[in-house]
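Data block below; observations after.
Read-outs: derived from the displayed coordinates by stated rules, not from any lab. Because the structure is predicted, anything quoted here is derived from the model rather than measured. Note: ideal-geometry Cβ built from the backbone for every residue, glycine included; neighbour counts use all protein chains shown.
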Amino acid sequence: MTSGNRSTPLTPAESDLIRALSVRWTMHILLALHASEGSRRFSQIQEAVTGISNRMLSSRLADLESRGLVSRHVAVTRPVTVTYQLTVLGGEVASVLTRLRDVGES
């Protein structure tokens, strides 16, 4: 999205991103991944996002992955290790969310 005053409506891509971010838990997950500055396992994300269920976290992570905000890595180990981390785009979005949170807290 561009900065400054805007007299034109949002593009479809901008509207889609805002809609995705407005879904419950999405911003919490992005902020938790951003705070880790690396990859996190499912259980670590769930610990960081207090109150989210396994099913909801799984659903939100799948949606974020499909939108290109989160990447999922599967390591062929015993047991299989799955980690999640922000993509470049996800990192940019999370940085904006962090700034918004900071403004809200000040």
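Could you give the DSSP H helices of the chain that reach 20 angstrom or more along their long axis (alpha carbon positions) and whose average Kyte-Doolittle hydropathy is no lower than -1.0?
Result, helices passing both filters: 88-105.
At a temperature of 25 °C and a viscosity of 0.890 mPa s, determine how fast the chain diffuses translationally according to Stokes-Einstein, using the Kirkwood radius over alpha-carbon pairs as Rh; express D in µm²/s, rounded to the nearest whole number.
Value of D from the Cα-based Kirkwood radius: 166 µm²/s.
For the stretch 73-79, take each phi angle, set θ = phi - 60°, evaluate the Karplus expression 6.51 cos²θ - 1.76 cosθ + 1.60, and give the result in whole Hz per residue in order, putting x for glycine and proline.
Whole-Hz 3J(HN,Hα) from phi for the stretch 73-79: 10, 10, 9, 7, 10, 10, x.
Excluding Tyr84 itself, what net charge comes from residues whose Cβ is under 14 Å from its Cβ, given Lys and Arg +1 and Asp and Glu -1?
Working: positive: Arg40, Arg41, Arg60, Arg67, Arg72; negative: Glu37, Glu47, Asp63, Glu65.
Counting the neighbours of Tyr84, the net charge comes to +1.
Residue by residue, what Karplus-based ³J(HN,Hα) values in Hz, rounded to whole numbers, does the stretch 38-45 have, using 6.51, -1.76 and 1.60 with θ = phi - 60° and x for Gly and Pro?
x, 8, 9, 7, 3, 5, 5, 5
Normalised by the residues of the chain, what does the relative contact order come to in percent, with Cα pairs under 8 Å and at least six apart? Don't skip to the end; give the middle numbers.
Working: 87 pairs, mean separation 27.6, N = 106.
Value for the chain: 26 percent.
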